[in-house]
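A.B. asks: Sharing a structure here in structure tokens format.
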Amino acid sequence: MKDLTIPSDIWNPLSEDDKASIKDVLVNSNTITQDTNIVGDSLLKLEDFLGDDSPLTLDNIHGDDSPLTLDNIQNFGIRIDWPKLPNIPDPIKEACKVLCDTTAAAGFAACATLSGGAAILVCQIAVEAARTECKNRC
């Protein structure tokens, strides 16, 4: 994977320090490789990464009036599609997907080490995008 794309309207406003911290977290948790570039894509929308009932908007991701904390981040409806294992047509493919989920779990945990609420959220969205890409390659 050379480029990991996430919505540009949440990636681009981040400071270069936050962007570097997010990449470091994802590399150190083995969610992405060092040669992966995280880039904003204007065709991707925040809604693609959120559940239908999420109260998140661009304003409260980057705004000062609704800071995100580790205590309330799970309440924002980030969609996480964990694998369903009842029908296992290909055990190798399913094992690959489980490894993608395991790596993503480490990435989500590592995102919690970032300082800002917006950086944490964007980091988690980047982890989800990397996990989806990983599963697509299984």
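The values are calculated or read from the model by the stated rules, or taken from the named source; none is laboratory data. Since the model is a prediction, treat every value here as computed from it, not as a measurement. Neighbour counts are summed over all protein chains in view; Cβ atoms, including those assigned to glycine, are modelled from backbone coordinates with ideal geometry. All accessible areas refer to the heavy atoms of the entire protein, side chains included, with ligands and DNA or RNA removed. Shrake-Rupley method; radii C 1.70, N 1.55, O 1.52, S 1.80 Å.
A.B. asks: Tally Lys/Arg at +1 and Asp/Glu at -1 over every other residue whose Cβ is under 13 Å from the Cβ of Leu4; what's the total? Display every interim value, and only then the final one.
C.D. replies: Working: positive: Lys2, Lys19, Lys23, Arg131, Arg137; negative: Asp3, Asp35, Asp41, Glu128, Glu133.
Charge balance near Leu4 sits at 0.
A.B. asks: Heavy atoms of the protein only, probe of 1.4 Å, neighbouring chains included. What is the accessible area of Thr102 in Å², nearest 10?
C.D. replies: 80 Å²
A.B. asks: Give a residue-ordered list of calculated ³J(HN,Hα) values for the stretch 15-30 (Karplus: 6.51 cos²θ - 1.76 cosθ + 1.60, θ = phi - 60°; whole Hz; x for Gly, Pro).
C.D. replies: Each residue of the stretch 15-30 in turn: 5, 4, 5, 5, 4, 5, 5, 4, 4, 4, 4, 5, 5, 5, 8, 6 Hz.
A.B. asks: Could you check the spin-label model distance between Asn28 and Asp3? Points 7 Å from the Cα along Cα→Cβ, value in nm.
C.D. replies: The two pseudo-label positions are separated by 2.8 nm.
A.B. asks: According to the Cα gyration tensor, what semi-axes, each the square root of 5 times an eigenvalue, does the equivalent ellipsoid of the stretch 88-137 have, listed from largest to smallest in whole Å? Could the numbers behind the result be given before it?
C.D. replies: Details: eigenvalues 135, 19, 5 Å².
They are 26, 10, 5 Å, listed from largest to smallest.
A.B. asks: Given the pairs Lys2/Lys23; Lys45/Lys97; Lys45/Lys93, which are separated by over 19 angstrom at their Cα positions?
C.D. replies: Lys45/Lys97; Lys45/Lys93, as the Cα separations exceed 19 Å there.
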